[in-house]
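Asks: Could you have a look at this structure, given as C-alpha cells, before my questions?
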Amino acid sequence: MHYQWDFSVISDNAGLLLWGLGNTLLLTLIAILIGTPLGLAVALMRLSSRRSLAWPATVYVEVFRAAPALVQLYWLYFALPRLTGLRLGGFEAAAIALSILSSAFLSEVFRGGIASIGKGQWDAARGIGLGYPRMLRTIILPQAIRRMLPVFLERYIELLKTSTIAATVSFGDLLFVAQDISYRTYRTLEIFSAIAVMFFLVILLCSQLTRLVEHRLARSGEFTAR
Amino acid sequence: MTTDNVIEISGLRKSFGAHEVLKGIDLVVPKGKTVVLLGASGSGKSTLLRCVNFLETPTAGTVAFNGKPVGTPKGTGGERSYSDRELRALRAHIGIVFQQFNLFPHMTALENIMEGQRAVLGRSREEAAARAEALLARVGLAGRGGAYPSHLSGGQQQRVAICRALAMDPDVMLFDEATSALDPELVGEVLRTMKALREDGMTMLIVTHELGFAYHIADEVVFLSEGRIYEQGPPEQVMLHPKGERTRQFMLGHSEFRLPHLD
C-alpha cells in the first residue's frame with residue numbers, strides 16, 4: 001500500500017504520449033468523416049419506400065450493429081488477407097472497421113432525427129414544389145441534426161473510446177503508446193492515470209464545444225416545429 | 001382547348017385502407033372565383049383539398065389544372081400514375097395554407113418566403129428577397145422579415161405562410177382551415193388578408209369553419225357529407241335556404257352563424 005508515485009515517466013514520454021493522442025484523434029476523425037455521410041446514406045435508404053433500397057440498408061445496420069467492434073477489426077485485419085490476399089495495415093483496418101461501425105450507429109440517429117420532423121414540415125415543403133433532395137437539405141436535415149446534436153456527440157465520444165481497439169492491431173494510438181511505455185518502465189499506474197485524464201480532457205472539450213454550438217443555434221432561432 | 005376553370009375535379013375518390021373518405025367528387029373552381037367547402041369533421045373536405053395539389057394521391061378520378069388533366073391513366077379502374085416531376089411543377093402553381101401554419105422554424109420569415117422562389121422558380125436572392133418584402137408589407141408585416149416564426153404570433157405566422165404561398169405566383173390558393181388553430185382575437189387579421197386576396201381576383205378554394213366569413217367571401221358554397229357533395233350553390237341559397245336536411249342541421253348547429261328564419 002506504499003506505492004511511490006513517480007510522474008516523471010509522463011514528462012519524460014510527453015512527446016510520445018502526445019503523438020499517440022494525435023493518432024487516436026486522427027483515427028476517430030477519419031471514422032467520423034466517413035461514417036457520418038455513410039450513415040446518412042444508409043438512413044435515407046432505410047427510409048425509402050422502395051424495398052430494394054430499404055432492405056439491404058436494414059441488413060447492413062443489423063449486421064454491423066450486432067458484431068462487436070473488435071470482431072469486425074480482427075476480421076478485416078486477420079481474415080480478409082487469408083480470403084483475398086489483400087493485406088491491410090493496422091490503421092487502414094481500424095479506420096474501415098470504425099467507419100462502418102459508426103455509420104451503422106449514426107444511420108439510426110439520422111433515421112430517428114428525420115422521423116421526428118412532423119408531417120406538416122414535409123407537407124409545407126412539398127406544397128411549394130420543393131424536390132426531395134432540396135427539402136432534405138434545406139428543411140428536414142437542418143432541423144433533424146439540431147435536434148439530434150447531443151446524440152451525435154454521444155456517439156462520437158463513444159467512437160473515440162472504441163478507437164482504442166486499434167492498439168490490438170499494432171496501430172500507434174494513445175493506448176498502444178501507453179502499453180509500450182508501461183512495458184518499458186513498469187509505471188503502469190502513472191501512465192494509465194495520465195491517459196485517462198487525457199481522454200477525459202478531450203471529451204470535456206468536445207462537450208463544451210457542442211454546448212456552445214447548441215447555445216448559438218438556440219439563440220439564432222428557437223425550435224417550435226409542430 | 002382553353003377553359004376558364006383553374007381546377008376541374010371529376011369522379012375523385014380517395015380511400016385510406018378500407019375506409020373510403022371521398023366517394024366520387026365532381027367540382028370546378030372557375031378562375032377568379034372563391035369556392036368554400038363546408039361540412040362536418042370527417043366529411044372529407046380537407047382530404048379533397050389535399051388531393052387538389054396531390055399531398056394526397058387520389059385513388060381514382062381526375063384533377064385537371066388549367067384544363068389539363070394531371071397524370072396519365074393507368075389500368076382500367078380510373079387509376080392514374082403521377083410523375084414526381086409533374087407534381088412538383090403543379091404544386092409550384094398551387095399555393096396551400098395549412099391549419100398549423102407549418103412555417104420552417106429554423107428560417108426567418110423572409111427565408112421562409114424566399115425558399116420556394118429560390119429553389120423552384122430559380123429567382124436570384126435579391127429578387128426573391130424583394131418579392132418577400134413586398135408581400136410582407138401587403139399583409140401588414142413590413143419590416144418583420146428578420147423574425148423567426150417562434151417570435152411571431154399565430155396570426156402573424158399564418159400571414160407569413162400566406163406570403164410563402166403567394167410568392168410562387170400561384171394560379172389558385174388552397175386554405176385548409178387556416179384560422180382554426182388561432183386564438184379568436186387573431187382570426188380577423190388572417191380573414192382580412194384572405195378577403196383582400198379575393199378582391200385582387202385570386203382564385204381560391206377554402207375549407208373553413210367560419211361560417212360568417214364563408215357567407216361573405218364565397219361565390220359558391222359546397223356542402224360535403226360522408227365523402228359526397230350533398231348540396232352546392234351560392235351562399236344565400238345553401239346557407240340561408242338549404243334544401244337538404246343535413247345542410248340545414250349543419251347550419252343550425254353553428255350558433256355563431258344565426259339564421260333567424262330557421263330558428
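Asks: Only one of these is within 13 Å of chain A (Cβ to nearest Cβ), part of a loop (DSSP other than H, G, I, E, B) and over 13 Å from residue A:130 (Cβ atoms): B:140, B:146, B:95. Name it.
Replies: B:146
Asks: Cβ contacts < 7 Å: first residue over 14 Å from residue B:214 (Cα atoms) and buried (at least 21 other Cβ atoms within 10 Å of the Cβ), restricted to region B:237-251; second residue at pLDDT 95 or above and of a type in the set (D, E, K, R), any location; separation 6+ or different chain. Result?
Replies: B:242/B:231; B:247/B:231
Asks: Here are the criteria: (1) over 25 Å from residue B:197 (Cα atoms); (2) more than 17 Å from the chain's Cα centre (by Cα); (3) modelled with pLDDT of 95 or more. Tell me which single one residue B:129 does not satisfy.
Replies: Among (1) over 25 Å from residue B:197 (Cα atoms); (2) more than 17 Å from the chain's Cα centre (by Cα); (3) modelled with pLDDT of 95 or more, residue B:129 violates only (1).
Asks: Which of the residues that make up region B:188-216 are in a loop (DSSP other than H, G, I, E, B) and of a type in the set (Val, Ile, Thr)?
Replies: Across region B:188-216, the qualifying residues are B:203, B:208.
Asks: Quick check: is even one residue across region A:50-69 basic (Lys, Arg), in contact (Cβ under 8 Å) with a residue 60 or more places away in the chain and closer than 25 Å to residue A:144 by Cα? Outline the logic, then answer.
Replies: Initially, region A:50-69 is screened for residues basic (Lys, Arg), giving A:50-51, A:65.
In the following step, the residues that additionally are in contact (Cβ under 8 Å) with a residue 60 or more places away in the chain were identified as none.
No: zero hits.
Asks: For region A:95-120, which residues satisfy the criterion of being surrounded by 21 or more Cβ atoms within 10 Å (Cβ to Cβ) and either within 9 Å of chain B (Cβ to nearest Cβ) or under 30 Å from residue B:167 (Cα atoms) (or both)?
Replies: A:113, A:114
Asks: May I ask you to say which residue of A:46, A:65 is surrounded by 13 or more Cβ atoms within 10 Å (Cβ to Cβ), assigned to a helix (DSSP H, G or I), within 22 Å of the chain's Cα centre (by Cα) and among the charged types (D, E, K, R)?
Replies: Every option except A:46 fails the conditions.
Asks: Just one of B:179, B:203 is modelled with pLDDT under 95 and out of contact with any His (no Cβ under 7 Å at 6 or more places or on another chain); which is it?
Replies: After ruling out the rest, the residue left standing is B:179.
Asks: Which one of these does residue A:92 not meet: (1) touching a residue at least 12 places away in the same chain (Cβ under 8 Å); (2) away from chain B (no Cβ under 13 Å)?
Replies: Checking residue A:92 against (1) touching a residue at least 12 places away in the same chain (Cβ under 8 Å); (2) away from chain B (no Cβ under 13 Å), the one that fails is (1).
Asks: Follow-up question, since we're still on this one. Between B:63, B:6, which is more than 14 Å from chain A (Cβ to nearest Cβ), of a type in the set (A, V, I, L, M, F, W, C) and touching a residue at least 60 places away in the same chain (Cβ under 8 Å)?
Replies: The unique qualifying residue is B:6.
Asks: Say whether the condition of being within 14 Å of another protein chain (Cβ to nearest Cβ) and within 28 Å of residue A:69 (Cβ to Cβ) is met by at least one residue in region A:193-211.
Replies: no
Asks: Restricting attention to region B:149-184, report how many residues are more than 15 Å from the chain's Cα centre (by Cα), part of a loop (DSSP other than H, G, I, E, B), of a type in the set (S, T, N, Q) and away from chain A (no Cβ under 13 Å).
Replies: Total meeting the criteria: 0.
Asks: Here is a follow-up. Of the residues that make up region B:101-116, is at least one of a type in the set (Phe, Trp, Tyr) and at pLDDT below 95? Talk me through it step by step, then tell me what you get.
Replies: Of region B:101-116, the ones of a type in the set (Phe, Trp, Tyr) are B:101, B:104.
So of that shortlist, the ones also at pLDDT below 95 come out as none.
No, region B:101-116 contains no residue that is of a type in the set (Phe, Trp, Tyr) and at pLDDT below 95.
Asks: Mind checking which residues of region B:153-177 are surrounded by fewer than 23 Cβ atoms within 10 Å (Cβ to Cβ) and either at positive phi or in contact with a Pro (Cβ under 8 Å, 6 or more places away or on another chain) (or both)?
Replies: B:169, B:177
Asks: Now for a separate question. Look at region B:217-254 and say how many of its residues are in a helix (DSSP H, G or I) and over 21 Å from residue B:99 (Cβ atoms). If you could, list the steps in order and put the result at the bottom.
Replies: First pass over region B:217-254, keeping only residues in a helix (DSSP H, G or I): B:217, B:235-240, B:245-253.
Those still in the list that are over 21 Å from residue B:99 (Cβ atoms) too: B:235-240, B:245-249, B:251-252.
Looking only at that region, the number is 13.
Asks: Turning to a different aspect of this structure: Check whether at least one residue in region B:124-136 is assigned to a loop (DSSP other than H, G, I, E, B), more than 13 Å from every other protein chain (Cβ to nearest Cβ) and in contact (Cβ under 8 Å) with a residue 40 or more places away in the chain, and report yes or no.
Replies: no
Asks: What's the number of the condition residue B:37 fails, among (1) more than 15 Å from residue B:173 (Cβ to Cβ); (2) outside any loop (DSSP other than H, G, I, E, B)?
Replies: The failed condition is (1).
The values are calculated or read from the model by the stated rules, or taken from the named source; none is laboratory data. Quantities reported herein were computed from a predicted structural model and do not represent experimental measurements. In this analysis, Cβ positions are derived from the backbone assuming ideal geometry, glycine residues included, and neighbour counts consider all displayed protein chains.
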